[in-house]
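Below is one structure, written out as structure tokens, with a few remarks after it.
The values are calculated or read from the model by the stated rules, or taken from the named source; none is laboratory data. Treat the numbers as computed from the prediction; the structure is a model and nothing was measured. Here the Cβ positions follow ideal geometry from the backbone for every residue, glycine too, while neighbour counts run over all protein chains shown. Please note that ligands, DNA and RNA were not included when accessible areas were found on the heavy atoms of the full protein model with its side chains. Shrake-Rupley method; radii C 1.70, N 1.55, O 1.52, S 1.80 Å.
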Amino acid sequence: MRLALFFCLLFSTLSAPIQAKLLDKIVAVVDEQVISQSLVERMKVNVSARAQISPYIYNMGKKLTTKQAIEILINRVLVRDKLIELGYVISDDQVESQIKATEQRLGLGRAALLSFLKGNGMTFDEYFELIRETIEFNIFNDRVIRPLISVTEQEIKNNFYKENQNNKSISFRYTLVDFSLDDRKLSKKSERRFKEALKSFQVSGTLPEEFKDVETNTLGDITEEGLTKELKDLLKRTDEGAFTNSIRLGSTTHVFYVQKKDLVESEIFVKNKDRIRAKLFEQVANEITSLWFERESNKHYIKRF
């Protein structure tokens, strides 16, 4: 009787449905390195703290999507591999040294740091790896990205002019090359092609037959005084080193090449120059960084699930 009861209980247990609980899963693979769902979820939980500690890497605010988290983790691998290739490996001692230096700079002890981390849902181990990641990105920017960035004086000036094209208190001084054609020798269709033909002329040194009668005149030290509003607005909208759109003046059609464009009073430009340079530098850095990751990805096996 007892034996029959034992087998009855055994068979009822074996026949009961088994409920499997998914503990973790792979969301991406970079070469031989696996990125897990649990790591992604942890990043999403404490992204606010990460953004405070490392705003350059975690610059998406208080919310982090799964896709963004995966891309950050993939980029981390790409950066780390590049640094290893260049001979940089960030040791635990370097990370600890950086943490202590930060504590001293802020006048905080380890207890205060742990309290901050706990309040922001981050473990010390996560913080430790985040500091390693930040050091790596700083070296990556200095050694790989920064040498590729170039912001010219002309780009700074052109950006300043764009910001102030409607500022009536700012006036300019120009050196212009005036290309003009008699309207009787210029059809409507030709007028639309005039500017593009001149841009090609800069490279090839030749003009199409329909523009063979173009007249050229260099105008130096031209101020806005005496210019028509239409021409003044046209020149303000045109960057140094660029051609204006065509404009009719009397019985001729003109396209001006802006050889030089300077402020009559430059004090306002000097005050804004460093700000504009920093803004352009950041824009170019972001573009170059995105392009670098795109190209570097092609050198690795990357699979997203």
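Each Cα pair of segment 183-269 feeds into the Kirkwood radius, which the Stokes-Einstein equation turns, at 4 °C and 1.567 mPa s, into a diffusion coefficient of 90 µm²/s. Within the set of other residues whose C-beta is less than 14 Å from the C-beta of Asp92, count the net charge using Lys and Arg as +1 and Asp and Glu as -1. With Lys, Arg at +1 and Asp, Glu at -1, the neighbours total -4. What net charge do the residues around His300 carry, taking every other residue with its C-beta under 9 Å from that of His300, with Lys and Arg at +1 and Asp and Glu at -1? For residues surrounding His300, the net value is -2.
Peptides 156-164, 91-99, 278-286 ranked from most to least packed, by the mean per-residue count of other Cβ atoms within 10 Å: 156-164, 278-286, 91-99. Charge tally for Phe243 (other residues, Cβ to Cβ under 15 Å; Lys, Arg +1; Asp, Glu -1): +3.
The alpha-carbon positions of the chain define a convex hull whose volume is 280 Å³ per residue.
Helix content alone sets the calculated 222 nm mean residue ellipticity of the chain: runs of n ≥ 4 DSSP H residues at -39500 (n - 2.57) each, divided across all residues, give -17000 deg cm²/dmol.
With charges only on Cβ, +1 for K and R and -1 for D and E, what is the dipole size of the chain about its Cα centre, in debye, rounded to 20? If you can, show how the numbers build up before the last one.
Details: 48 positive and 44 negative charges, 228 e Å.
Using Cβ point charges on Lys, Arg, Asp and Glu, the chain gives about 1100 debye.
Relative contact order of the chain: 21 percent, from C-alpha pairs under 8 Å at least 6 residues apart in sequence. Between segment 52-124 and segment 238-296, the alpha-carbon centres lie 37 Å apart.
Express the carbon and sulfur contribution to the solvent-accessible surface of the chain as a percent, rounded to the nearest whole number, probe 1.4 angstrom. Roughly 53 percent of what the probe reaches on the chain is carbon or sulfur. Peptides 203-209, 120-126 ordered by packing proxy, namely the average of other Cβ atoms within 10 Å per residue, highest first: 120-126, 203-209. Accessible surface calculations at 1.4 Å, restricted to protein heavy atoms, place segment 150-279 at 60 Å² per residue.
Remark: segment 109-120, residue by residue, has Karplus-estimated 3J(HN,Hα) of x, 5, 4, 5, 5, 4, 5, 4, 5, 4, x, 10 Hz, where x stands for each Gly or Pro and the curve is 6.51 cos²θ - 1.76 cosθ + 1.60 at θ = phi - 60°. Taking the Kirkwood radius as Rh and the Cα radius of gyration as Rg, segment 88-198 has a ratio of Rg/Rh equal to 1.38.
Taking the longest Cα principal axis of the chain as reference, the axis of helix 267-297 is set at about 50 degrees.
Counting only alpha carbon atoms, the long axis of helix 124-140 and the longest principal axis of the chain meet at about 30°.
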